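Enquirer: Here you go, one structure.
The values are calculated or read from the model by the stated rules, or taken from the named source; none is laboratory data. Source: prediction; values computed, not measured. Cβ placement follows ideal geometry from the backbone for every residue including glycine, while neighbour counts extend to all protein chains displayed.
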Amino acid sequence: MFGLLFFATMENIRINTVNGRSLVIMGGDLKTVGDLIPGKGVFIITDTIVKKLYGSTFPAGEVLETEPGEKSKTLTVAGDLCRRLLETGADRSSFILGFGGGVVCDLAGLVASVYMRGVRHAFVSTTLLSQVDASIGGKTGVNLGDYKNIIGTFRQPEFVLCDHRMLSTLPAEEYRSGMGELIKHAVIRDRNLFFDIAASLDRIFERDPSTIGDFIARAVKIKAAVVRRDPLEKGIRRILNFGHTFGHVLETYYRIPHGVAVTQGMLIAAELSVWIGELPHAEFRMLEVALAETGMKSDYELPPNVVSLVSKDKKNISGSLNVVLLRSVGRAFVRNISLTELISFVEYYRESKMRSQPV
Ligand SMILES: NC(=O)c1ccc[n+]([C@@H]2O[C@H](COP(=O)([O-])OP(=O)(O)OC[C@H]3O[C@@H](n4cnc5c(N)ncnc54)[C@H](O)[C@@H]3O)[C@@H](O)[C@H]2O)c1
């Protein structure tokens with residue numbers, strides 16, 4: 001798989017913040033990871049699919065596997081990993097390498113930040129979604145029942161190695177899921193990136209490492225700039241949650257991939273932006289058409305208990321809710337809406353979907 005010539009340029013993106021420093025190695029070579037980690041005391045957290053595909057390339061270290069997928073993002077699994085670390089001799093000088101997609105990175109990051117009050121850690125990021133988003137920026141987390149990422153920490157990984165050739169083995173739906181988060185970065189902050197992605201879809205879906213690598217790097221620079229300004233998500237960093245308020249609810253209710261849910265969540269948030277009077281309808285339509293052209297537009301119905309699920313999300317602050325809205329494609333902002341507004345919008349949204357159903 002790695003015998004192929006690899007033309008993607010390597011680029012380092014530094015994220016230096018008050019709560020830690022991280023180096024994102026874009027277009028890095030998986031085979032160099034051994035040079036970046038200590039020679040001993042390494043514990044690799046991965047999932048069974050990634051281990052099967054890439055286990056032969058793992059650097060020396062104790063391997064701890066989890067089941068793949070969102071179901072592993074629980075306190076029970078995190079606790080079990082800690083227990084296995086203890087049993088296999090991990091101490092405060094150990095180094096945890098999360099090797100996988102967003103689920104592995106969220107879990108390994110959490111475990112590294114709590115095991116013995118914190119040990120060094122880094123990631124080899126293996127999905128499009130994690131290279132573009134989940135492994136970057138230092139947010140870790142697990143879910144609590146139906147509520148996403150309720151338990152977590154902020155802790156920067158020492159490095160994140162993104163070898164884009166690993167994306168060639170991703171199932172199509174997972175690749176599409178990652179596209180959702182890629183487009184999100186453009187929609188919140190960079191209109192030119194949005195048009196460039198729209199114009200390059202064929203090449204992006206061919207998974208040419210160099211092409212996709214350039215787009216991932218542009219998106220990660222957007223995220224890095226936001227995280228540097230607000231590492232603990234007190235303000236501007238919230239815009240990175242665009243599409244997540246409704247996206248998290250759809251993800252949990254329908255058990256669909258994160259990025260697929262976020263993509264529909266972005267359209268709902270854009271529709272809310274129009275409803276509130278912030279976004280011209282033409283901009284909403286442009287976004288809708290572009291997402292339809294990527295094959296990424298889905299139309300899951302809002303679950304019956306959407307208001308209660310949304311209002312228990314951690315972005316909720318006593319009786320009102322911070323949502324990320326758009327003024328145009330490329331310009332997101334955070335606005336507080338009341339629960340009454342949320343309920344009215346959900347009614348409006350459901351009715352408008354019913355009206356647009358073919359008779
Ligand atoms: N911490 C953050 O800032 C942040 C940001 C966005 C998303 N997330 C989280 O990321 C998670 C989603 O991440 P994800 O989409 O990477 O899911 P994932 O980690 O579950 O990976 C998706 C599937 O792809 C498999 N896989 C991984 N790498 C592969 C490869 N190279 N080839 C083939 N198969 C591979 C995995 O085994 C899994 O089955 C969600 O839990 C979401 O909440 C976190």
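Enquirer: Where residues in the range 140-158 are of a type outside the set (Gly, Ala, Ser) and surrounded by fewer than 18 Cβ atoms within 10 Å (Cβ to Cβ), which of them is farthest from the ligand (Cβ to nearest atom)?
Expert: Taking the candidates together, the pick is GLU158.
Enquirer: Further, regarding this structure: Which one of ALA122, ALA108, ALA134 is crowded, with 24+ Cβ neighbours inside 10 Å and touching a Cys at 6+ places or on another chain (Cβ under 8 Å)?
Expert: Working: ALA122 fails: touching a Cys at 6+ places or on another chain (Cβ under 8 Å); ALA108 fails: touching a Cys at 6+ places or on another chain (Cβ under 8 Å).
The unique qualifying residue is ALA134.
Enquirer: Step by step: first the residues of the range 167-182, then only those that are without any contact (Cβ under 8 Å) to a residue 60 or more places away in the chain and in a helix (DSSP H, G or I), then the one that is farthest from GLY265 (Cα to Cα). Which residue is that? Break it down stepwise before answering.
Expert: Keep residues of the range 167-182 that are without any contact (Cβ under 8 Å) to a residue 60 or more places away in the chain, which gives 167, 170-172, 175, 182.
Add one more test, that the residue is in a helix (DSSP H, G or I), and what stays is 167, 172, 175, 182.
Numbers: LEU167: 24, ALA172: 20, TYR175: 18, LEU182: 14 Å.
By that ranking, first place goes to LEU167.
Enquirer: Is it the case, given these coordinates, that GLY265 is among the small types (Gly, Ala, Ser) and either exposed (fewer than 15 other Cβ atoms within 10 Å of the Cβ) or out of contact with any Phe, Trp or Tyr (no Cβ under 9 Å at 6 or more places or on another chain) (or both)? Before you say what the answer is, go through the steps one by one.
Expert: Working: among the small types (Gly, Ala, Ser): yes; either exposed (fewer than 15 other Cβ atoms within 10 Å of the Cβ) or out of contact with any Phe, Trp or Tyr (no Cβ under 9 Å at 6 or more places or on another chain) (or both): no.
So GLY265 does not fit the description; no.
Enquirer: Based on what the data block shows, is ILE96 buried (at least 24 other Cβ atoms within 10 Å of the Cβ) and away from the ligand (no atom under 13 Å from the Cβ)?
Expert: Working: buried (at least 24 other Cβ atoms within 10 Å of the Cβ): yes; away from the ligand (no atom under 13 Å from the Cβ): yes.
Judged against the criteria, ILE96 is a match.
Enquirer: Can you name every residue in the range 61-72 that is crowded, with 20+ Cβ neighbours inside 10 Å and over 16 Å from ILE96 (Cβ atoms)?
Expert: none
Enquirer: Kindly list the number of the only condition in (1) outside any loop (DSSP other than H, G, I, E, B); (2) within 22 Å of LEU23 (Cα to Cα) that fails for MET116.
Expert: (2)
Let's see how each residue does on (1) more than 29 Å from LEU287 (Cβ to Cβ); (2) more than 18 Å from the chain's Cα centre (by Cα):
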position	(1), (2)
GLY101	no, no
LEU107	yes, no
ALA112	yes, yes
TYR115	yes, yes
ASN143	no, no
PRO157	yes, no
ALA172	no, no
ILE188	no, no
ASP202	no, yes
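Enquirer: Among the numbered criteria (1) at pLDDT 95 or above; (2) within 30 Å of ASP146 (Cα to Cα), which single criterion is violated by ASN19?
Expert: Condition (1) is where ASN19 drops out.
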